Amino acid sequence: MILLGLDPGLGTTGWGLIRAEGNRLSHIANGRLKTDSAAPLPRRLAHLDAMLTALIADHAPQAAACEEVFVNANPQSTLKLGQARGVVLCAAARAGLEVGEYSPTLVKKAVVGTGRAEKAQVHAMVARLLPGLKIDGPDAADALAVAICHAHHLASARRIP
């Protein structure tokens, strides 16, 4: 099963594709989708949607997973993150994908073993779990972590009668 992990953001949305075969995970691709910070918000959201739609069409994942919104100190940043997350969820749903949603703490716990892990620890564990890959920055590492978390949760759900 091909899984698409997404780390939404208005400026940069990280994405990561993995293949899950039983307990075996392998890397397919990862990257970042960037929007122009000088463009009006509606145009940025439409561009993000178009890039996600193309990504999904190119790689044909069977499922997707997205990180949930966490509250920033700046309410405006939280609102923009929520809008980008809405576009991510809509693009995946429009493509017919089931979307898993995970808190940042749960993603960290699934990948590192503790929900309070630092970004560097998540990056290191993603590289260890998916050997040989070149990670396209921290947003892509977070997206791959979301995909790994989703793979673990799907595997656990299959084992429970």
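The values are calculated or read from the model by the stated rules, or taken from the named source; none is laboratory data. Since the structure is predicted, the reported quantities are computational estimates derived from the model, not experimental observations. In this analysis, Cβ positions are derived from the backbone assuming ideal geometry, glycine residues included, and neighbour counts consider all displayed protein chains.
Can you tell which of 99, 112 is within 13 Å of the chain's Cα centre (by Cα) and among the β-branched types (Val, Ile, Thr)?
99
Take residue 140 and decide whether it is within 28 Å of residue 22 (Cβ to Cβ), in contact with a Lys or Arg (Cβ under 9 Å, 6 or more places away or on another chain), at pLDDT 90 or above and surrounded by 21 or more Cβ atoms within 10 Å (Cβ to Cβ). I'd like the intermediate steps shown before the answer.
Numbers: within 28 Å of residue 22 (Cβ to Cβ): yes; in contact with a Lys or Arg (Cβ under 9 Å, 6 or more places away or on another chain): yes; at pLDDT 90 or above: yes; surrounded by 21 or more Cβ atoms within 10 Å (Cβ to Cβ): yes.
Against the criterion (within 28 Å of residue 22 (Cβ to Cβ), in contact with a Lys or Arg (Cβ under 9 Å, 6 or more places away or on another chain), at pLDDT 90 or above and surrounded by 21 or more Cβ atoms within 10 Å (Cβ to Cβ)), residue 140 qualifies.
Quick one: what pairs do we get from region 35-47, first residue part of a loop (DSSP other than H, G, I, E, B), second surrounded by 10 or more Cβ atoms within 10 Å (Cβ to Cβ), C-beta under 7 Å, 6+ apart or different chains?
35/10; 35/11; 35/44; 35/47; 35/48; 36/44; 37/11
Yes/no matrix, rows are residues, columns are (1) crowded, with 18+ Cβ neighbours inside 10 Å; (2) polar (S, T, N, Q); (3) touching a helix residue (DSSP H, G or I) at 6+ places or on another chain (Cβ under 7 Å):
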{"residue": "5", "(1), (2), (3)": "yes, no, yes"}
{"residue": "11", "(1), (2), (3)": "no, no, no"}
{"residue": "16", "(1), (2), (3)": "yes, no, yes"}
{"residue": "22", "(1), (2), (3)": "no, no, no"}
{"residue": "37", "(1), (2), (3)": "no, yes, no"}
{"residue": "59", "(1), (2), (3)": "no, no, no"}
{"residue": "72", "(1), (2), (3)": "no, yes, yes"}
{"residue": "84", "(1), (2), (3)": "yes, no, yes"}
{"residue": "106", "(1), (2), (3)": "no, no, yes"}
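Which of the residues spanning region 82-111 are in contact (Cβ under 8 Å) with a residue 60 or more places away in the chain and either assigned to a strand (DSSP E or B) or more than 19 Å from residue 144 (Cβ to Cβ) (or both)? Lay out the reasoning, then the answer.
Going residue by residue through region 82-111, those that are in contact (Cβ under 8 Å) with a residue 60 or more places away in the chain are 83-85, 87-88, 92, 97.
Selection gives 83, 87.
Could you list, in sequence order, the residues of region 9-32 that are more than 24 Å from residue 77 (Cβ to Cβ) and either among the charged types (D, E, K, R) or touching a Cys at 6+ places or on another chain (Cβ under 9 Å) (or both)?
19, 21, 24
Quick one: how many residues across region 1-33 are out of contact with any His (no Cβ under 9 Å at 6 or more places or on another chain) and without any contact (Cβ under 8 Å) to a residue 40 or more places away in the chain?
The number of residues fulfilling the criteria is 3.
Pairs, please: C-beta under 7 Å, at least 6 apart or cross-chain, first residue closer than 19 Å to residue 149 by Cβ and of a type in the set (A, V, I, L, M, F, W, C) and in region 52-69, second buried (at least 18 other Cβ atoms within 10 Å of the Cβ) and at pLDDT below 95?
As it stands, the answer is 69/81, since those pairs meet every condition given.
Got at least one residue in region 112-131 being among the acidic types (Asp, Glu) and part of a helix (DSSP H, G or I)? Can you show your working first?
So in region 112-131, the residues among the acidic types (Asp, Glu) come out as 118.
Now restrict to residues that are part of a helix (DSSP H, G or I): none.
Scanning region 112-131 turns up no residue that is among the acidic types (Asp, Glu) and part of a helix (DSSP H, G or I).
Closer than 29 Å to residue 127 by Cβ and either surrounded by 12 or more Cβ atoms within 10 Å (Cβ to Cβ) or at pLDDT below 95 (or both): is that true of residue 32 in this structure?
yes
I'd like to check something: does region 109-118 contain any residue that is surrounded by fewer than 17 Cβ atoms within 10 Å (Cβ to Cβ) and farther than 25 Å from residue 155 by Cα?
yes
Just checking, which of 22, 86, 9 is within 25 Å of residue 125 (Cβ to Cβ) and under 14 Å from the mean Cα position of the chain (by Cα)?
That would be 9, the only listed residue that is within 25 Å of residue 125 (Cβ to Cβ) and under 14 Å from the mean Cα position of the chain (by Cα).
How many of the residues in region 51-77 are in a loop (DSSP other than H, G, I, E, B), modelled with pLDDT of 95 or more and not polar (S, T, N, Q)?
Total meeting the criteria: 2.
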